[in-house]
């Protein structure tokens, strides 16, 4: 009799676990298409990462990989979810370009343990020091940046 009670308790417990479920991740907000280009000393910047840091508490940061042609397209991500574009609003802009020891651009998706150094001045590449800003309008748009290496 005692084992039957234990069996029912286990079945009931597993039933509760099955009903609890896992909460679905929050849905990403609506975005608008936003892209642009980055020049370094007047030439298209080859490689790097541009990050739009929201200036509001409720905003969601956006980022884009800079191609060899200096062009980028923004996207947002939350956990494993990704969505093209950016949420309309005002942003502080941080542009980073890590290079390998030989000076070639480093893929922004490689692990941080791989040797490299930041090639841009802190006024562009450090969030607390960057003076770059951008506004993403409700209709979407573009923002181009012309950086100086010195």
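Tell me, yes or no, whether segment 102-109 has at least one residue that is assigned to a strand (DSSP E or B), surrounded by 13 or more Cβ atoms within 10 Å (Cβ to Cβ) and modelled with pLDDT of 80 or more.
Looking through segment 102-109, none of the residues is assigned to a strand (DSSP E or B), surrounded by 13 or more Cβ atoms within 10 Å (Cβ to Cβ) and modelled with pLDDT of 80 or more.
Would you confirm whether any residue within segment 60-72 is on the phi > 0 side of the Ramachandran plot and touching a residue at least 60 places away in the same chain (Cβ under 8 Å)?
no
Pull out all pairs, ordered by first then second residue, where Cβ-Cβ is under 7 Å, the residues are six or more apart or on different chains, the first lies in segment 128-150 and is on the phi > 0 side of the Ramachandran plot and assigned to a loop (DSSP other than H, G, I, E, B), and the second is surrounded by 10 or more Cβ atoms within 10 Å (Cβ to Cβ) and at pLDDT below 95.
Correct list of pairs: empty, since none qualify.
Do you know which of the residues in segment 28-45 that are in contact (Cβ under 8 Å) with a residue 60 or more places away in the chain and not in a strand (DSSP E or B) is surrounded by the fewest Cβ atoms within 10 Å (Cβ to Cβ)?
42
For (1) under 18 Å from the mean Cα position of the chain (by Cα); (2) buried (at least 16 other Cβ atoms within 10 Å of the Cβ), each residue gets a yes or a no:
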| residue | (1), (2) |
| --- | --- |
| 47 | yes, yes |
| 58 | yes, no |
| 77 | yes, no |
| 83 | yes, yes |
| 86 | yes, yes |
| 99 | no, yes |
| 128 | yes, no |
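From the list 127, 134, 112, 143, which residue is at pLDDT below 95 and touching a strand residue (DSSP E or B) at 6+ places or on another chain (Cβ under 6 Å)?
Exactly one of 127, 134, 112, 143 is at pLDDT below 95 and touching a strand residue (DSSP E or B) at 6+ places or on another chain (Cβ under 6 Å), namely 127.
Could you tell me whether residue 90 is in contact with a strand residue (DSSP E or B) (Cβ under 8 Å, 6 or more places away or on another chain), under 23 Å from residue 26 (Cα atoms) and in a strand (DSSP E or B)?
So residue 90 passes the test.
The values are calculated or read from the model by the stated rules, or taken from the named source; none is laboratory data. Predicted model, so just to flag it, every value in this text is computed and none were measured. No Cβ is skipped: glycine too gets one built from the backbone with ideal geometry, and neighbour counts run over all protein chains shown.
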